[in-house]
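The values are calculated or read from the model by the stated rules, or taken from the named source; none is laboratory data. Note that the coordinates shown come from a computational prediction; the quantities given were computed from them, not determined experimentally. We place every Cβ from the backbone using ideal geometry, glycine too, and count neighbours over all the protein chains shown.
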Amino acid sequence: MLLLTKLQQYKFDFRDVTFKPFNSLITKQNELMKKLILGLATASLLFACKTQNVQLPEKPVTAHLDLVNVSNDKVTVTVDPDRFTKDTTSFFIPKTVPGTYSTDNYGKFSENFRALNYKGEPMDFKKVDENTWMITNAKNLDKVVYEVNDSFDWENEGGTYSMAGTNILKDKNFLLNLHGFVGYFDGMTEKKYHLEIERPTKLIPGTSLTLNESVTGNNPAISTDIFDVDRYFDVIDHPIMYAKADTAKIDVQGMEVLLDVYSPNGKYSAQDLKPAIEKMISAQKSFLGDINNTDKYAILLYLAEDDKPDAGNFGALEHHTSTVVVLSESMPKEALENSLTDIVSHEFFHIITPLSVHAEEIHYFDYNDPKMSEHLWMYEGVTEYFANLFQVNQGLIDNQEFYNRMTDKISVSQRFDDTVPFTEMSKNILEEPYKDMYYNVYMKGALIGMALDIRLRELSGGQMGILDLMKKLSEKYGKDQPFKDENLIPTIVELTYPEIQDFFDQYVTGSTPIPYEQFFEKVGLYKKEVMSEVGFFLKGQTPYIRPNQETGELIFREMELNTFLNDLGVKSGDILVSINGTAYNLQNVYGLISASQEWKEGNDITMVIKRDGKEMELSGKITTPMDSQEKLVENQNADGVQMELRHAWLKG
């Protein structure tokens, strides 16, 4: 989902008259007139005497957030626009934001909405829906004031993604995904915004946004941060996390990377995670070459507690120059670093698409009546593909691990309807039945990228891949020049080969499933059934357990279980109650996965399960879990053409 200028702020209206814009009209000999201009009568006279050619500075929309006077986990927000010239206006908080591709209704977290006139008196308004307030007599409107609840404290987080959500923890942490706090007036999304964030001085802002200034008044415990941006998109494109200073700065080939960490119990610090992040970003920059010119990037990492009401789902949300990451504080360090590599690398690659290459539907995004683009296969699919390809390309994982990941994606993608045209699904992703297919953009979307990459390598004799294509598209468009949805595929064909039209006709806009075996054969790979190590509760991306959404219980799925679970005596349909005295359910299932990653072979284990309504205790030793898996392996009899094409694909 998805990068400011300083401006001099003037207030010129009938409430606050200044003569500065009119100095050219005043001579030193006319001191009397200078005094008169300060009055309301003279200001009116100036307008009446044909002074319309005098250009008044446009006042930005000013948004003020009070992070000091917080009560019941609510932040007071004030939004003050310029004077209205029409009788009616509407104020909106986004229904949907870029990158989430879901309807989240962020306005539901706001309450006690008030519209005030220039005398500070309440004005009439009508709440149209969860995200919209209509105000009449708009010419008298001075500002709106409302309170915002954080999503982390809502039951099921109000149905929002944690990484797109908000946290309000007084004097400790404020996770400001600003689309959850700052709204906009009808027709004003392209106006400049002036952000004032009043906060405890001890809490430091983590953001890629340029700080104009930070002002500390008579009370040294309170500071106000000032940010100026060009339009509303830039407000929501720059999340801010306030917490006690825990930042690591990393210089990667001229790009400054800021890693800000909030770890409530101090388990991890930015310095702890800096080496892994530095290694990852360095590899990404090497992979991208000159395709990227980002000079500043911020990673805001929020680590959630498993045993308290907190962020309930994990992942990241991309922006032009930053990403918000939410993970579990209980994860072992190695697992946390691996997750950061996979998740943050995906978000970082969004600097290519949709941030540099995107359709008009994204560039001119309608936050409350969004029109979706057809090309999720590129925005999310190609991005996910790059997040895996760069790791094998740069030696962070070996060839077999890359093959395993692609095989897992094939397995998961085939649970969805494989005949639905991907462009059709993408265009209608907010509607039934397509919205339930969204997860497939990370599966089949990435596989479309993989198949297109192999086909391009084949047609070019190994010289051109999908990264080269994205570089051409970035040069043709860029972040300020969107394309028309219907023009993207013809443009790709024009930039590559005529045969690529057939690829899109069949596998992207058409209903033909991708024949993966044919593409793998081109690079000397084939599928083989083998016994291999799996997770205690995960087989690739397929879990051995599923939740009962009504009771929160964890149930072992109707599938062949791994050797560890079989040896322990677990059967499909059993309900997991506890392990070694710790109870597990849907609420702390991530804690279960994290804990299992630290288990040692040979240690004792006691699992309590419920079978046919009765609890049973299963005891044994921890063993390495194995399971039969269909793996993609290299054909030892591949010919020279296949091997050269494989090398160009993975290492080119």
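Values computed for the structure shown
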item	result
Given (1) in a loop (DSSP other than H, G, I, E, B); (2) in contact with a Ser or Thr (Cβ under 6 Å, 6 or more places away or on another chain); (3) more than 22 Å from residue 599 (Cα to Cα), number of the condition residue 481 does not satisfy	(2)
Residues being hydroxyl-bearing (Ser, Thr, Tyr), modelled with pLDDT of 95 or more and within 22 Å of residue 202 (Cβ to Cβ) - total across the range 67-84	1
Where a residue in the range 542-569 is in the same structural domain as residue 618 (by TED's automatic domain parsing) and modelled with pLDDT under 95 and its partner, wherever it lies, is small (Gly, Ala, Ser) and surrounded by fewer than 18 Cβ atoms within 10 Å (Cβ to Cβ), with Cβ under 6 Å and at least six apart	558/572
Selection within the range 471-488 - among the small types (Gly, Ala, Ser) and buried (at least 17 other Cβ atoms within 10 Å of the Cβ)	474
Hits in the range 284-329 - residues which are touching a Lys or Arg at 6+ places or on another chain (Cβ under 8 Å) and either in the same structural domain as residue 176 (by TED's automatic domain parsing) or farther than 27 Å from residue 469 by Cβ (or both)	303, 329
Criterion (surrounded by 22 or more Cβ atoms within 10 Å (Cβ to Cβ) and either closer than 29 Å to residue 190 by Cβ or in the same structural domain as residue 512 (by TED's automatic domain parsing) (or both)) met by exactly one of 459, 376, 396, 430	376
Test: residue in the range 555-574 that is closer than 23 Å to residue 401 by Cβ, of a type in the set (S, T, N, Q) and touching a Phe, Trp or Tyr at 6+ places or on another chain (Cβ under 8 Å)	yes
Members of the range 473-504 that are closer than 24 Å to residue 364 by Cβ and in contact with a Phe, Trp or Tyr (Cβ under 9 Å, 6 or more places away or on another chain)	473, 476, 477, 482, 483, 489, 491, 492
Residue within the range 342-353 that is under 25 Å from residue 539 (Cβ atoms), modelled with pLDDT of 90 or more, in contact with a helix residue (DSSP H, G or I) (Cβ under 6 Å, 6 or more places away or on another chain) and assigned to a helix (DSSP H, G or I) present	yes
Condition broken by residue 179, with the remaining ones in (1) in contact with a Ser or Thr (Cβ under 8 Å, 6 or more places away or on another chain); (2) closer than 18 Å to residue 65 by Cα satisfied	(1)
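Yes or no, residue by residue, for (1) buried (at least 19 other Cβ atoms within 10 Å of the Cβ); (2) touching a strand residue (DSSP E or B) at 6+ places or on another chain (Cβ under 6 Å):
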{"site": "550", "(1), (2)": "no, no"}
{"site": "555", "(1), (2)": "no, yes"}
{"site": "561", "(1), (2)": "yes, no"}
{"site": "565", "(1), (2)": "yes, no"}
{"site": "571", "(1), (2)": "no, no"}
{"site": "574", "(1), (2)": "yes, yes"}
{"site": "577", "(1), (2)": "no, yes"}
{"site": "581", "(1), (2)": "no, no"}
{"site": "586", "(1), (2)": "no, yes"}
